[in-house]
Amino acid sequence: MRLLLIEDSARLCATLSQGLRQAGYAVDTAQDGHEGLWLATENSYDVIILDLMLPGIDGLSVLRSLRERGRSTHVLILSAKDMVEDRVQGLSLGADDYLTKPFSFDELCARVQALLRRSYGAKSPILHLGGLEIDTLSRQVSCQGREVRLTPREYGVLEVLALRCGSVVSRRELWEHLYEFEDETSSNVVDVLVCSLRKKLGSGVADVIQTRRGRGYILVEDKEP
Amino acid sequence: MKSLHGRLTAWLVIGSGLLLVLGCLVLNSLITARLQSDLDAELITKATALSTLTEQEDGAVWLELTEGGMPEFNAPAGGKAGKAGAAPEYFQIWRTDGSVVARSLSLAGRDLPLRPQPASRPLFLDLKLPDGRPGRLVEFSFQPRHEEDEPYAQTRRDTGPLEVTSVTLALASGRQELDAFLASLRGVLIAFVLALLAGIFVLVRLSMKVSLAPLEDLGARLTVWQVESLGEELDLAGAPAELAPVIFRLNDLLKRLQESFGRERMFSANLAHELRTPLAELRSMVEVALKWPPGQAATASVLAEVRTIGLQMERIVTNLLVLARCDGGLQKVLPSEVPVADLIERCWGNVAAEAERRGVVLRSTVPEDLRIHTDEDKLALILSNLLSNAVSYGEPSEPVTCSAAVVSGEIALRVSNRTAALHPDDLPRMFDRFWRKDSARSDGEHAGLGLSLVRALSTLLGFTVTAELERGAVLHLTLTGRVA
């Protein structure tokens, strides 16, 4: 999953992006409103984490501009402003969630995850797809009761495909969800990741991830006998 | 709580009531005195008539009063005689030895009271008459005239002095009519006072209701006043002249209160931001490090960052404490002779690293021998903040200049730097706590307390600090005050 973090505090920006990457997200960062708005407009993100007091354009203006341009990306406001009016204003302008500083990093991850589930219409943090069980909070996968150890990227591929179960996801889309804006890896890396994922899931359910030539990949729910 | 209505009503009603009672008492006294004087005059007239009818000769004294001559004295006590329907009156005449010369028939042999030592001056007193009625008595001594037998009298004068006998006459008459009149007069006066008081009470309440209505309106408006209402103004039009200055001052006060609230809100928001952001950094750093423990080198880096954040927060708290102590008058001043040029050099040392990084140099024209009598540590804090401000927010590679001039015992110490970031509108606000030109407050190194600290410490040391923007490009921060 790909996130955009717009935060002017260099220290907080570096820490959060490092933590979120460790948690398996691809994270782009911006430290002022102009750069943040440009990145949010030019790229496709699953969630944008947005500070309010930013140099250049303030966070609320960034949010307003995004919504005016028809971008419906989920936005989580992260701000030191804790007044009810601030929250109401942020949420009224189209933010999906509001978290005041200081905050727990786990809570931030949980809220990001909740927004991701909302993006794909999933209610529960645990996805059941036949014999496949994906816990999106702990990022653990089990296949027919057997725990499957995945790298963050492999998990990312599986999560995107699972959340869009039954729909074809292009290599480009998968790549965009997994890699950051400045990453120069080729989209062929997605094929490598899918191949590795199939191996780890095992022969029993390996064919739940099917290739659609020229279009991408699709996760088909494994109907257990 | 006593109301203005209640107080004014009580004072006016009680005050006017007392005046009315006093007036009625005076009136009553005057009327009583006048009527009693009339009664006494009447008694004297009758007594004088009786005295003229009293005669003496050769030690014998008698009253020449024919029966029916003065019928009011004829009726026996308790009876209705003499004048038809008239109450009886009484008289009695004594010799000096106390023997009775004559008494009215109305006394029926009883006596009127007699003073032990009668005098010729008439004495009046109230008494209970023999018939039980209240009455008034006049008593005086006189010498009865001699028999009007002129030849005999002439003869006696020729042969020697006449024998003279003094007698005492007492005459008493009823006063019930006077008392009844006076009683009815007092009743009328009391009723008049009560009616007048009731009228005054009603009038006072009505007039106050009308007159104090604007005051009550004002009170009602202020009762429902909320913090959110601070932007509103009280209507001055139509207010009575006495209330106009109050409303004017209230509006002025409300305006200043609103500004103060705004500043306080801004202060709280800025303080929250200044503390919440480093706290968020600290917490995130620690939580991420705990979740995914870094290597040894990375741990050292994290700890160094944690230390930096700690120092940054400590600086904010220390500055706030100094400001609070200045506000509360708890900051002590320890004056000594301070060499200003040396102190500037030392303070520049604190910002030298940052200055070097930004290519900024110090150009000081402060005389080497300039000394002022002040608190060195606090002046150092002021200068360090001024120089730090000039280095951090001045144009890179442009010098910071320091100059000082002493005129008529007053020093003007100036720190100047080129800047393109400021607007003249910023000058009045730049000494506010947590004020930063950058509303995003992105710079973690500065909290916006430096210049407010400069102002608070300057005031403490008896200096005044002012900001001036020359041609919109050069900021001068000047410290002025007495040298000694």
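Do the conditions hold for B:Leu194, that is, is it surrounded by 14 or more Cβ atoms within 10 Å (Cβ to Cβ), over 27 Å from the mean Cα position of the chain (by Cα) and modelled with pLDDT of 85 or more? When the stated conditions are applied, B:Leu194 does not pass them. Of everything in the stretch A:9-22 that is small (Gly, Ala, Ser) and either part of a strand (DSSP E or B) or touching a helix residue (DSSP H, G or I) at 6+ places or on another chain (Cβ under 8 Å) (or both), the residue that is farthest from the other protein chains (Cβ to nearest Cβ) is A:Ser9.
The condition (being touching a strand residue (DSSP E or B) at 6+ places or on another chain (Cβ under 9 Å), within 30 Å of A:Leu20 (Cα to Cα), assigned to a helix (DSSP H, G or I) and outside the structural domain of B:Met430 (by TED's automatic domain parsing)) is satisfied by just one residue among B:Ala289, B:Ala280, B:Ala304: B:Ala280.
A:His128 falls short on exactly one of the conditions (1) part of a loop (DSSP other than H, G, I, E, B); (2) modelled with pLDDT under 85, and that condition is (1). Of everything listed in (1) more than 19 Å from A:Leu12 (Cβ to Cβ); (2) within 14 Å of chain A (Cβ to nearest Cβ); (3) of a type in the set (Phe, Trp, Tyr), the single unmet condition for B:Trp225 is (2). Does at least one position in the stretch A:115-125 carry a residue that is at pLDDT 90 or above and at negative phi? Yes: one or more hits. I need the full set of residues from the stretch B:322-348 which are of a type in the set (Lys, Arg) and closer than 14 Å to B:Leu461 by Cα, in order please. Scanning the stretch B:322-348 gives B:Arg325, B:Lys332. The set of residues from the stretch A:112-144 being within 14 Å of chain B (Cβ to nearest Cβ) and closer than 21 Å to B:Met285 by Cα comprises A:Val112, A:Leu137, A:Ser138. Inside the stretch A:88-110, residues that are out of contact with any helix residue (DSSP H, G or I) (no Cβ under 7 Å at 6 or more places or on another chain) and either away from chain B (no Cβ under 14 Å) or in a loop (DSSP other than H, G, I, E, B) (or both) make up a count of 3. Restricting attention to the stretch A:55-70, the residues being over 11 Å from A:Ala95 (Cα atoms), away from chain B (no Cβ under 14 Å) and touching a residue at least 12 places away in the same chain (Cβ under 8 Å) number 2. Exactly one residue out of B:Gln312, B:Gln296, B:Gln258, B:Gln331 is surrounded by 14 or more Cβ atoms within 10 Å (Cβ to Cβ), more than 30 Å from B:Ala404 (Cα to Cα) and more than 13 Å from chain A (Cβ to nearest Cβ), and it is B:Gln258. Residues of the stretch B:279-293 that are surrounded by 13 or more Cβ atoms within 10 Å (Cβ to Cβ) and more than 8 Å from chain A (Cβ to nearest Cβ): B:Val286, B:Ala289.
The stretch B:310-423 holds strands (runs of 3 or more DSSP E) entirely within its bounds, and those carrying 1 or more residues that are under 29 Å from B:His273 (Cα atoms) map to B:410-418.
When the residues of the stretch A:23-54 are filtered to those that are within 14 Å of chain B (Cβ to nearest Cβ) and touching a residue at least 60 places away in the same chain (Cβ under 8 Å), the one that is surrounded by the fewest Cβ atoms within 10 Å (Cβ to Cβ) is A:Gly24.
The values are calculated or read from the model by the stated rules, or taken from the named source; none is laboratory data. These numbers were taken from a predicted model, which means no experiment stands behind them. Note that each Cβ is placed from the backbone with ideal geometry, even for glycine, and that neighbours are counted across all protein chains shown.
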